[in-house]
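> Please read through the structure below; I'll follow up with questions.
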């Protein structure tokens with residue numbers, strides 16, 4: 001099998017979008033998603049759904065797209081020759097809770113085809129806490145590992161490592177968060193990978209929402225709030241400086257507002273911030289510097 | 001003349017740092033600069049001075065450095081072959097006022113040498129308003145143009161255009177601000193360029209501080225404050241996505257805190273923000289999309 005059925009992928013990835021968005025609206029309880037449909041000049045389009053209100057979820061984006069056409073300017077994702085055609089579809093999710101004790105969550109699941117070579121899947125899920133709750137990291141990684149263990153095609157160890165390597169702020173010598181899974185260019189045993197991708201997508205709510213639910217009511221001090229905004233600056237640094245998808249999208253005429261819907265709503269940059277020794281803030285940074293095995 | 005005297009440049013650029021910083025402290029009236037001296041492993045170091053307080057200047061960085069050694073990983077600034085040695089020194093300035101009616105200011109003046117070819121100067125100055133006051137743009141550009149007109153080696157028309165071209169958020173199809181001057185790789189008539197650079201440096205306070213003084217007391221509405229934070233998001237996008245100096249510095253092991261001292265202190269990213277038609281906010285965006293001749 002060198003391709004899967006595009007319609008089948010689109011139906012599934014659209015349902016992932018609507019199911020996850022519904023879960024978030026239920027949990028937030030105060031705001032609904034603004035839903036924007038957009039068309040792409042060169043072919044295809046998408047649905048960008050953004051929630052921002054006064055409830056526990058300060059900002060969330062749950063985006064779906066299916067785009068196709070000529071490969072833009074040179075290599076797309078390093079796989080397609082210039083001038084060839086491509087098809088890419090997927091769902092991406094980002095959740096920025098208001099409470100600094102609740103971690104930010106990101107996931108995306110994508111399917112690609114070109115007119116040369118086999119099709120492939122890419123994606124993953126990762127968690128970015130601002131305060132370290134080891135139970136949260138263990139729960140999150142445990143759910144992802146469980147999905148991997150039920151699918152011989154999945155390589156949990158390699159994809160956990162790839163996640164730590166990819167979501168790295170090299171200029172800070174620290175990771176963006178406590179990791180998760182990251183995989184790309186999976187073009188062998190495509191049917192088995194597709195079965196894994198569906199299971200992973202179906203588990204995203206279970207991986208994240210219990211954590212969100214138990215942290216959104218935590219009491220917050222002004223110092224914790226300040227730390228949250230400053231650490232969100234690091235999140236923005238990663239997305240704008242290092243994230244290949246963001247940079248590729250911005251430089252090849254992707255829909256800017258959909259791409260940058262991933263950025264945190266409120267951010268601070270202050271000079272020379274260092275957490276106090278042996279503080280909870282220092283404990284987080286320690287884990288970001290030296291990723292752990294959480295399962 | 002293929003080089004100038006390094007000591008002379010360093011003496012001058014250090015004085016520019018201390019003079020401009022003193023002017024800012026006087027104007028702010030509430031806070032002083034935190035002064036950090038740092039050493040670079042491969043050779044040289046710098047003085048990073050950052051002001052952040054509760055006064056009219058929310059954050060300012062006035063940085064000086066002189067670094068030298070092996071050219072890091074490939075081409076430095078596109079001029080030096082890998083493995084050769086370089087020397088680079090300069091002063092850079094960024095001022096983020098608290099009041100949205102007061103524009104952000106940026107300038108830097110740099111001198112480079114390598115062990116092959118002639119030395120060169122680079123730099124410039126540019127203004128980023130959040131609300132358009134045409135008088136401010138005219139004053140700023142007028143001072144810069146005056147400096148150019150007194151030096152036959154300066155090409156005001158080309159450097160104004162280069163500034164508009166360089167400080168462009170291509171993914172937004174708009175400029176960062178209302179421009180100013182931008183020049184680089186000026187390696188001919190080096191003595192004349194050096195005289196121009198000294199005049200320009202000496203005029204930076206005159207170009208910016210009168211504008212700052214007359215805007216910092218303007219009454220601010222909550223909507224103007226919100227606009228300010230959102231537009232500062234665009235400033236951060238430019239610096240992190242497009243600015244060659246920032247990206248080069250972060251990717252080659254420059255001192256992260258000094259490089260990112262340029263980022264605004266408080267920032268917002270909200271989805272799908274559009275200014276109301278015929279509003280002051282829309283008037284600014286119009287000018288950012290289609291740069292004007294202000295002199």
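> Is it true that some residue in region A:264-275 is over 20 Å from residue A:125 (Cα atoms) and loosely packed, with under 13 Cβ neighbours inside 10 Å? Break it down into steps so the answer makes sense when it comes.
Of all residues in region A:264-275, those over 20 Å from residue A:125 (Cα atoms) come to A:265-275.
With the extra rule that they be loosely packed, with under 13 Cβ neighbours inside 10 Å, the set shrinks to A:272, A:274.
Yes, that holds for at least one residue.
> Separate question: Among the residues of region B:84-132, count how many are closer than 15 Å to residue B:187 by Cβ and part of a strand (DSSP E or B).
12
> Out of (1) out of contact with any helix residue (DSSP H, G or I) (no Cβ under 6 Å at 6 or more places or on another chain); (2) facing another protein chain (nearest Cβ under 9 Å), the odd one out for residue A:271 is which?
That leaves (1) as the condition not met.
> Could you check how many residues of region B:43-75 are assigned to a strand (DSSP E or B), touching a residue at least 40 places away in the same chain (Cβ under 8 Å) and in contact with a helix residue (DSSP H, G or I) (Cβ under 9 Å, 6 or more places away or on another chain)?
The number of residues fulfilling the criteria is 11.
> Taking the conditions exactly as written (at pLDDT below 95 and either within 14 Å of chain A (Cβ to nearest Cβ) or surrounded by fewer than 19 Cβ atoms within 10 Å (Cβ to Cβ) (or both)), does residue B:240 satisfy them or not?
It is false that residue B:240 is at pLDDT below 95 and either within 14 Å of chain A (Cβ to nearest Cβ) or surrounded by fewer than 19 Cβ atoms within 10 Å (Cβ to Cβ) (or both).
> Something else now. Which condition number in (1) within 14 Å of chain A (Cβ to nearest Cβ); (2) out of contact with any strand residue (DSSP E or B) (no Cβ under 6 Å at 6 or more places or on another chain); (3) on the phi < 0 side of the Ramachandran plot is the one that residue B:168 fails?
The one condition residue B:168 does not meet is (2).
> Checking the condition away from chain A (no Cβ under 11 Å) and surrounded by 16 or more Cβ atoms within 10 Å (Cβ to Cβ), which residue from B:260, B:250, B:284, B:229 passes?
Among B:260, B:250, B:284, B:229, only B:284 is away from chain A (no Cβ under 11 Å) and surrounded by 16 or more Cβ atoms within 10 Å (Cβ to Cβ).
> Only residues that are loosely packed, with under 15 Cβ neighbours inside 10 Å and not in a loop (DSSP other than H, G, I, E, B): list them for region B:20-42, please. Steps first, please.
Our first condition is that a residue be loosely packed, with under 15 Cβ neighbours inside 10 Å; within region B:20-42, this holds for B:22, B:26, B:29-30, B:32, B:34-35, B:37-39, B:41-42.
Result: B:22, B:26, B:34, B:35, B:37, B:38, B:39.
> Would you mind telling me which numbered condition in (1) in contact (Cβ under 8 Å) with a residue 60 or more places away in the chain; (2) crowded, with 16+ Cβ neighbours inside 10 Å; (3) assigned to a strand (DSSP E or B) residue B:185 fails?
Result: residue B:185 fails condition (2) only.
The values are calculated or read from the model by the stated rules, or taken from the named source; none is laboratory data. In this text, all values refer to a predicted model and were calculated from it rather than measured experimentally. As a convention, Cβ positions derive from the backbone with ideal geometry for all residues, glycine included, and neighbour counts pool all protein chains shown.
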